[in-house]
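So the structure is just underneath, and the comments pick up after that.
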Amino acid sequence: MIRINTPNGIPVDVPETDAEDVSPKFAPDQLDAARDYYEAEGYVVFRGLVDTAACDRIRALWEAEVKPFDGPMYRQATAKAERHVKNGQGWIMNPILNLQSVDPTHFPGFRSFAVEKILTDHQLVTVARHFLGDAPKIVQSMYFEGNSATWEHQDSYYLDSEKVGSMMAAWIAVEDISATAGRFFICPRSHRIDLGEQDIYTNIADNHDVYIGKVVDVIRQRAMEIRAPRLIKGDVLIWNAWTIHGSLASHDAEAARSSITCHMIAAHDRFLQLQTRHLDLPTDAVGGAQVFRPKDQASAANRAILWAESSFPGPFYWLKRQAVKAAIRAKGR
Ligand SMILES: O=C(O)CCC(=O)C(=O)O
């Protein structure tokens, strides 16, 4: 066991072996038992849910297609179009947002393999159907290599289903994740905590740090337990839209944290964006799931928007912030 802090300095005991890990690992066919655990704890870990050969293949496609690219792509932490930021080991440190939407001209194998073999892996879709009571609609995905130390948060602040708190997400380990590589962490039972909707004091456009401070205060005031389960290649951790989570503030010079996350709502539900807008999303049917492709780079219009964003970021992001604030004011918050 080693002790590592969350991004805002809360210490966590991180298991290095399964014997030290208090999180049970469910087999892919233990669907009812896993759902009971998920509903009680706000998260659950499946051992060996995704085929390990598929994990190796997506990492090979990342090396072959994504790493050499030097243009702007959308990123997890900022949702902005940025070029790769690499560390000394050559790992990409600013994770990619929405693998299902990357430009098929530059990333033909990566885009299709990520969608067909990872995001809609048949065992993952089976679990999602069981937990959601409907086919899954994939609304967002991400690829992590180096650790960007994701702050403590609940996903519902950013995205959810119209049935608030019903979205689920999956963290898919595509390599063994060492204790020091920047483990994903969750606060068990935090999915019962309602922090309210974003308003003019906590909104993402101007006061994102105030919102994160609220989450950190709740963890400290309630002395919440934090777990950073040990995950090996093919394991999947599922968590709920309200479960407080993030990634630990650590870095391992030897081991990356190659992983893919995927956020899913029930296919028949509308999407809730930034706790303000309800959207009926256009989707493609793939492998028993519906796949939404935000800002799909297969479209010339979306490529033109990405070009405008990366060429004139100042005015573009200023306008976007004004639109978010206007939507919150329109809700009377
Ligand atoms: O793995 C991480 O760093 C964070 C992932 C996350 O917060 C998410 O996918 O919602």
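Every number in this text was worked out from the coordinates using simple rules, so none of it is lab data. Bear in mind that the values here come from a model prediction, so they are computed numbers and not experimental data. Positions of Cβ are generated from backbone atoms using ideal geometry, with glycine treated the same way; all protein chains shown enter the neighbour counts.
Numbers at a glance
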{"quantity": "The chain: calculated mean residue ellipticity at 222 nm from DSSP helix runs of at least 4, using -39500 (n - 2.57)", "calculated": "-7500 deg cm²/dmol"}
{"quantity": "Bridge type composition, the chain - antiparallel percent by DSSP, nearest 5", "calculated": "90"}
{"quantity": "Gain on full stretching of the segment that runs from Glu254 to Ala27 - 0.36 nm per residue minus C-alpha separation", "calculated": "78.8 nm"}
{"quantity": "Packing-based order for 49-55, 257-263, using average beta carbon neighbours within 10 Å, highest first", "calculated": "257-263, 49-55"}
{"quantity": "Vicinal HN-Hα couplings computed from phi for the stretch 88-103 (Karplus, 6.51 cos²θ - 1.76 cosθ + 1.60; Hz; Gly/Pro x)", "calculated": "x, 7, x, 7, 7, 9, 9, x, 7, 9, 6, 4, 6, 10, 5, 5"}
{"quantity": "Prolate/oblate/rounded call for the stretch 115-193, Cα gyration tensor, a/c under 1.5 rounded", "calculated": "oblate"}
{"quantity": "Order by protection proxy (mean Cβ within 10 Å, highest first), peptides 27-33, 294-300", "calculated": "294-300, 27-33"}
{"quantity": "For the stretch 43-51, Karplus couplings with θ = phi - 60° (6.51, -1.76, 1.60), whole Hz, Gly/Pro x", "calculated": "7, 7, 10, 9, 8, x, 7, 9, 4"}
{"quantity": "Segment Trp307-Asp206, extension gain: residue separation times 0.36 nm, minus the distance between their alpha carbons", "calculated": "33.9 nm"}
{"quantity": "Cα gyration tensor category, rounded, prolate or oblate, for the stretch 2-330 with a/c compared to 1.5", "calculated": "rounded"}
{"quantity": "Interchain or long-range residues, amide H under 5 Å from Lys233's placed H", "calculated": "Asp176, Ile177"}
{"quantity": "Protection proxy ranking of 115-128, 310-323, 142-155, 65-78 - average other beta-carbon atoms within 10 Å, highest first", "calculated": "142-155, 115-128, 65-78, 310-323"}
{"quantity": "Two-site label geometry, Val286 and Asn5: point separation in nm, points 7 Å out along Cα→Cβ", "calculated": "3.9"}
{"quantity": "Prolate/oblate/rounded call for the stretch 27-167, Cα gyration tensor, a/c under 1.5 rounded", "calculated": "prolate"}
{"quantity": "Tally of Lys pairs whose C-alpha atoms are under 15 Å apart, taken over the chain, 8 or more apart or cross-chain", "calculated": "7"}
{"quantity": "Per-residue ³J(HN,Hα) for the stretch 121-129, Karplus 6.51 cos²θ - 1.76 cosθ + 1.60, θ = phi - 60°, Hz, x for Gly and Pro", "calculated": "3, 5, 6, 5, 5, 4, 4, 4, 4"}
{"quantity": "Debye equation applied to the C-alpha atoms of the stretch 151-240, log10 I(q)/I(0) at 0.14, 0.23 Å⁻¹", "calculated": "-0.59, -1.24"}
{"quantity": "Linear extension gain, Ile232 paired with His122, 0.36 nm per residue minus alpha-carbon span", "calculated": "37.7 nm"}
{"quantity": "Under 5 Å, built H, 5+ apart or other chain: amide partners of Gly182", "calculated": "Ser250"}
{"quantity": "Within the stretch 119-134: backbone nitrogen closer than 19 Å to the Ala60 label point (7 Å, Cα to C-beta)", "calculated": "119, 121"}
